[in-house]
Each structure stands twice: as structure tokens, then as C-alpha cells.
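For reference, the structure is listed below as C-alpha cells.
The values are calculated or read from the model by the stated rules, or taken from the named source; none is laboratory data. Quick caveat, the model's predicted, so the values are computed rather than measured. Please note: Cβ atoms are built from the backbone with ideal geometry, for glycine as well, and neighbour counts cover all protein chains shown.
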Amino acid sequence: MAKREIIILPDKRLRLKSASVEKIDKSVRALVDDMFETMYEAPGIGLAAIQIGVPQRVVAMDLARKDEPKAPQVFINPEVTWRSDEKSAAEEGCLSIPDYYEEVERPAAIKVKFLDLDGKQHEIEASGLLATCLQHEIDHINGVLFIDHISKLKRDMVLKKFKKAQKRGEPAKFAEDKEPSHHIG
Ligand SMILES: [Zn+2]
């Protein structure tokens, strides 16, 4: 296992549409191991492979609270098959857009079809934090970021800050010093 570097805005790779995993082999298992190590270290609750620069449809997640045992979940080739009409709003953050948090409205419940590491197909219905996190991560493998769901004004402000920060070689700073949310993927 190895901790990998998380790519951040404005890295263009974040806009790539990731390719489906054709075969779950040793290299996919090694990728998943690295993703968990990177995610736990960050720390975050979800990570898409593209966030470590690998354009494959692989998502790692662990929604266990700090006082609970680890509960790693892997979603290979995840696909949303149903979305509720009902919407819900939750604050989101992203390891690829560090230190910026904003409320995002998404369908409150979804159904997701995916493969596990043994290649077995599952379909689950998710709501709450799991639904938020799955939608956030499935967006990543489609080249979509959570800031695409906020106002253009706010999105442009975030992009500008990250571009400037990249030029200066420093992390982007936001005036509002919010408590780091655990809703980070
Ligand atoms: Zn993210």
C-alpha cells in the first residue's frame, strides 16, 4: 500500500470522464488499497480514483464515525439507476477543493448499481450521507465537481482562488474559517 498524491483544482484531470473497469484484477485491488490509505490519511470519507490521477470508475468510501470501527466500502463502475424527486441539501467538501465547503442540493435518495471487488453486482438504495457521498463520488468519475452544483458566482470565485493559489504555489485561502466538515470526498 502507498499513500498517493491527491490532485486539486484547477488540475484538468478532474474534468476527465473515467473509464469503466473491465477486469477486477491485482492492479485494481492495489489501486483500491492505495485509495483507502490516501483517503484515511487525508482524512476524508470518500475518494474517486481520478482524485489520485487514475481515470478509472472506482470509488472508495468509509462513512464510519471516529468512534466506530472502520467500514470500508468499494464501488466499481457505480451507476445511478434511480433518483428521488425529493431533494435534500447538505454541506459538502472535497479533498480536491481543500478548505471550501458549501451547501449542495441533490436528490434525497438514489439507487446505485455497482460491482464489488469480487466482481459481484449489487444494487442499493441510499439516502442521507450515503446518498450525498455516492452522488459526489459518481460525479467525480464523470468529471463533475460539487462546485458545479452551486451558483456560477460562487464557482467562479472558487476557481479564481485556486488558480491564483496555484500560481503562488500556496494553498487557497477562504475568508470564512469554517470548522472542517466530515462530509469530505
Ligand atoms: Zn470530491
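Structure values in brief
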| read-out | value |
| --- | --- |
| Residue that is modelled with the lowest pLDDT [pool: residues in region 93-140 that are within 16 Å of the ligand (Cβ to nearest atom), among the acidic types (Asp, Glu) and more than 25 Å from Ser20 (Cβ to Cβ)] | Asp99 |
| Residue ID - farthest from Val158 (Cα to Cα), chosen from residues in region 81-92 that are touching a strand residue (DSSP E or B) at 6+ places or on another chain (Cβ under 6 Å) and either in a loop (DSSP other than H, G, I, E, B) or within 16 Å of the ligand (Cβ to nearest atom) (or both) | Ser84 |
| One residue from Met1, Met39 being modelled with pLDDT under 95 and either out of contact with any strand residue (DSSP E or B) (no Cβ under 8 Å at 6 or more places or on another chain) or under 20 Å from Asn142 (Cα atoms) (or both) | Met1 |
| Output for region 38-53, where each listed residue is surrounded by fewer than 16 Cβ atoms within 10 Å (Cβ to Cβ) and either under 22 Å from Gly119 (Cβ atoms) or away from the ligand (no atom under 15 Å from the Cβ) (or both) | Glu41 |
| Pairs where the first residue, in region 141-164, is closer than 30 Å to Phe75 by Cα and the second is part of a loop (DSSP other than H, G, I, E, B) and of a type in the set (D, E, K, R), C-beta under 6 Å, 6+ apart | Ile141/Arg57; Asn142/Lys17; Gly143/Lys17 |
| Selection count where residues are closer than 13 Å to Cys94 by Cα and in contact with a helix residue (DSSP H, G or I) (Cβ under 6 Å, 6 or more places away or on another chain), scope region 147-171 | 2 |
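Here is a yes/no grid of residues against (1) over 14 Å from the mean Cα position of the chain (by Cα); (2) of a type outside the set (A, V, I, L, M):
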residue: Pro78; (1), (2): no, yes
residue: Thr81; (1), (2): yes, yes
residue: Ile97; (1), (2): no, no
residue: Ala109; (1), (2): yes, no
